[in-house]
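What follows is a single structure, written as structure tokens, with notes after it.
The values are calculated or read from the model by the stated rules, or taken from the named source; none is laboratory data. Note that the coordinates shown come from a computational prediction; the quantities given were computed from them, not determined experimentally. Virtual Cβ from ideal backbone geometry, glycine too; neighbours counted across all protein chains shown. These accessible areas exclude ligands, DNA and RNA; they are computed on the full protein's heavy atoms, side chains included. Shrake-Rupley method; radii C 1.70, N 1.55, O 1.52, S 1.80 Å.
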Amino acid sequence: QVQLVESGGGSVQPGGSLRLSCAASGINFRFATMNWYRQAPGKQRDLVAVINSGGITTYSDSVKGRFTISADYAKNTVFLQMNSLRPEDTAVYYCNHCINSRHDYWGQGTQVTVSS
């Protein structure tokens, strides 16, 4: 059974930082591509960052230079370090591992609120 469990969300002032974690089980993590998505109220869920099994990372333009995705293969955990946070980063953040339409796994989400 695949499980993705996020943690690390919270409330922070603009300019602050948070580090999200996603602990994965039931997948071959060492060879997995892992994704972080976010969904703001009333908006679609958007892809934020990706890390593949070779450690190659990609980011949406909105977070490039501020967010960093990384993975600890010993702990089967993927991280999202978020710096210089802005109010528009407020959203529920989801960890995702997708192989195909039948094997598309999501965590429960963690709320990030950026407000003064």
Is it the case, given these coordinates, that Ser70 is in a strand (DSSP E or B), of a type in the set (S, T, N, Q) and open to solvent by 70 Å² or more (accessible area, probe 1.4 Å)? no
Mind telling me which of the residues Gly55, Gly10 ends up being surrounded by fewer than 21 Cβ atoms within 10 Å (Cβ to Cβ) and at pLDDT below 95? Gly55
Can you report the number of residues in the stretch 13-32 which are under 15 Å from Tyr105 (Cβ atoms), open to solvent by 30 Å² or more (accessible area, probe 1.4 Å) and within 12 Å of the chain's Cα centre (by Cα)? 1
Please specify each residue of the stretch 77-102 satisfying the condition of being in a strand (DSSP E or B) and open to solvent by 70 Å² or more (accessible area, probe 1.4 Å). Ile99
Flagged in the stretch 33-47 as assigned to a strand (DSSP E or B), more than 9 Å from Tyr93 (Cα to Cα) and either open to solvent by less than 60 Å² (accessible area, probe 1.4 Å) or at pLDDT below 95 (or both), in numbering order, are Met34, Asn35
